[in-house]
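Let me begin by presenting the structure, written as structure tokens, before commenting on it.
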Amino acid sequence: MEEEFEIPVVYNNQQLFFKARLLQLGSYTHKIQVNVYGTEVFFEVDEERNYRAYIDPTNTEAIDKVDKKLLQQIAEAIEYVRQ
């Protein structure tokens, strides 16, 4: 089951909205797929129960260009909604 929604983020004093999908991978596992300016970024829960960003390692161009601080803001926005 996939559920679509938007993630609101304030970054560099701008209100941004990113389209996202909840990907249910079983009874207890999920990922959130976020389109960040054309790059598909997956956010998954790590060992400390925080969200971390993951980009397909074969997409080296996207990995080099992505704004890591923006990804952190998106992860924090997901954490805020989860609470």
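Here, each number is a calculation from the coordinates, and none is a lab measurement. Nothing here was measured: the structure is a model prediction, and the numbers come from that model. Ideal geometry is used to build each Cβ from the backbone, glycine not excepted, and the neighbour counts take in all protein chains shown.
List of remarks:
- The strands (runs of 3 or more DSSP E) located wholly in the chain that include 2 or more residues which are surrounded by fewer than 10 Cβ atoms within 10 Å (Cβ to Cβ) occupy 2-11, 14-24.
- Restricting attention to the range 25-45, the residues that are within 13 Å of the chain's Cα centre (by Cα) and free of Cβ contacts under 8 Å to residues at least 24 places away in the same chain total 10.
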